[in-house]
Amino acid sequence: MRAVRTVRTVQGPTDHVVVVGAGLAGLCTALHLLGAGRRVTVVERGSHPGGRAGRLDLAGYTVDTGPTVLTMPELLDEALAAVGEKLADRLELVRLDPAYRTTFADGSSIAVHTDPDAMEAEVRAVCGPASAQGYRELREWLTALYRTEIDTFIGSNLDSPLSLLGPDLARLAALGGFGRLGPRIVASDHELAATRDVFSAYFEGDDHTLNLPVDLSLVRSDFRRTTLQTLRSGVHAGDIVTYGTLAQRIGHPKAARAVGSACATNPVPIIVPCHRVVPGSGGVGSYGGGPARKRQLLAHEGART
Ligand SMILES: Cc1cc2nc3c(=O)[nH]c(=O)nc-3n(C[C@H](O)[C@H](O)[C@H](O)COP(=O)(O)OP(=O)(O)OC[C@H]3O[C@@H](n4cnc5c(N)ncnc54)[C@H](O)[C@@H]3O)c2cc1C
């Protein structure tokens, strides 16, 4: 039996309701209120309705800014049904198969199908049987999570965090719904094989070059990006450089401290070898993984500190 949840109510007349925001939530709310006999005014600060399911008019192009997958069309139907309308009378939904194609940096791609068997076959063809089995398990786990969440969490009024408390919360936790995806992430060696081989060669001492493509375009400032690029291309295994020397190499001789910050925020340690940068005053200095690890990496590369 489900726990009965009390919903917060308001005092005073409710015959005329103002809905703030004409996103999908506001529009659905307005339709349900209209269906319940209220007068409704929807206010929207944007130039047209839709919110994140919106449209951008840009240089003569119309760009869809929001959802690519209509996961629950029945909810739209439900909202329109509240005012005696049907979704099919207003919108032609065309089911796409595949729903979309995901393309990876190495040029490979995977077609995303809604049908579980078709998707499993695609994962098997692109990533192998172990990943296909992993996909099946992931799908079963997500289905169990969905069944637990749909009434109590997704389809429910939550007026405060306390509204979350209940037996389904425990069920969700037991299913691992709050944990990291961890082992449930589909195990695929396909995209990571080259990286794994380069790291194995590095740690086994066969090849210290760590020759992998690195994309630093998301590094926050030009200064930090230049620091990391110079470090990667100019300080090789067996070498060390001081923060000050690296600052000189990038043409900012007084910026040793900023070079330290660039190293401290290096998004790909080891591959961009910030462990090879040490203080001019001696010692190995600090390192995200701890100074002991920095010392180990330098010793592994045969650097004299
Ligand atoms: C790139 C992208 C892809 C997505 N893909 C999917 C998908 O594939 N499947 C899926 O199910 N979902 C997807 N989503 C999520 C989905 O678009 C949103 O969950 C949904 O549109 C949110 O609707 P909403 O009404 O809750 O909020 P919003 O769409 O954010 O609407 C809020 C509205 O309120 C207005 N507003 C806010 N404050 C005020 C104010 N003070 N006065 C007046 N107006 C105000 C805003 O302008 C806005 O129009 C995607 C979202 C994005 C951005």
Revision key, fill the gap. When the charge dipole of the stretch 200-305 is computed with +1 on Lys and Arg Cβ and -1 on Asp and Glu Cβ about the Cα centre, the Cα farthest towards its positive end, among LEU228, ALA255, SER217, belongs to ALA255
Review point. Say each of ARG55 and ILE154 gets a label point 7 Å from the Cα, pointing the same way as Cα to Cβ; how far apart are those two points in nm?
Key: 2.8
Practice item. Quick one: which residues, 5 or more positions from VAL19 or on another chain, have an amide H under 5 Å from its amide H? H modelled 1.01 Å from N in the peptide plane, none for Pro or chain starts. Key: THR41, VAL42, VAL43
Review point. Which residues in the stretch 44-71 place their backbone N less than 15 Å from a point set 7 Å from the Cα of VAL20 along the Cα-to-Cβ direction?
Key: 44-46
Review point. Out of TYR100, TYR202, TYR61, any idea which swings most in a Gaussian network model of the chain, alpha carbons joined below 10 Å?
Key: TYR61
Review point. Using a simple spin-label model with points 7 Å from Cα along the Cα→Cβ vector, what separation in nm is obtained for LEU93 and THR305?
Key: 6.0
Revision key, fill the gap. The FRET efficiency for ARG39 and TYR100, from their Cβ-Cβ distance with R0 = 45 Å and rounded to 0.05, is 0.65
Practice item. Quick one: work out the % antiparallel among DSSP beta bridges in the chain, nearest 5. Key: 45
Check your understanding: So for the pair TRP141, THR9, with labels modelled 7 Å out along Cα→Cβ, what separation do we get in nm?
Key -> 4.3
Revision key, fill the gap. Of all DSSP beta bridges having both residues in the stretch 14-73, the percent classed as antiparallel (nearest 5) is 40
Review point. Using a simple charge model, +1 on the beta-carbon of Lys and Arg, -1 on the beta-carbon of Asp and Glu, nothing else, what dipole does the stretch 1-103 show about its Cα centre, in debye to the nearest 20?
Key: 420
**Study point:** For the chain, cysteines whose Cβ has no other cysteine Cβ within reach (under 4.7 Å)
**Key:** CYS28, CYS127
Study note, to complete from the structure: Mean projected area, convex hull of alpha-carbon positions in the chain, reported to one decimal in nm², is 25.0
Review point. Relative to the Cα centre, what is the charge dipole magnitude of the chain, using +1 at the beta carbon of each Lys and Arg, -1 at the beta carbon of each Asp and Glu, and rounding to the nearest 20 debye?
Key: 1540
Review point. How much mean residue ellipticity at 222 nm does the chain get from its helices, if each DSSP H run of length 4 or more adds -39500 (n - 2.57) and you divide by all residues, to the nearest 500 deg cm²/dmol?
Key: -11500 deg cm²/dmol
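We did not get these values from a lab; they are worked out from the coordinates using the rules stated. Remember, predicted model here, so these are calculated numbers, not experimental data. Note that each Cβ is placed from the backbone with ideal geometry, even for glycine, and that neighbours are counted across all protein chains shown.
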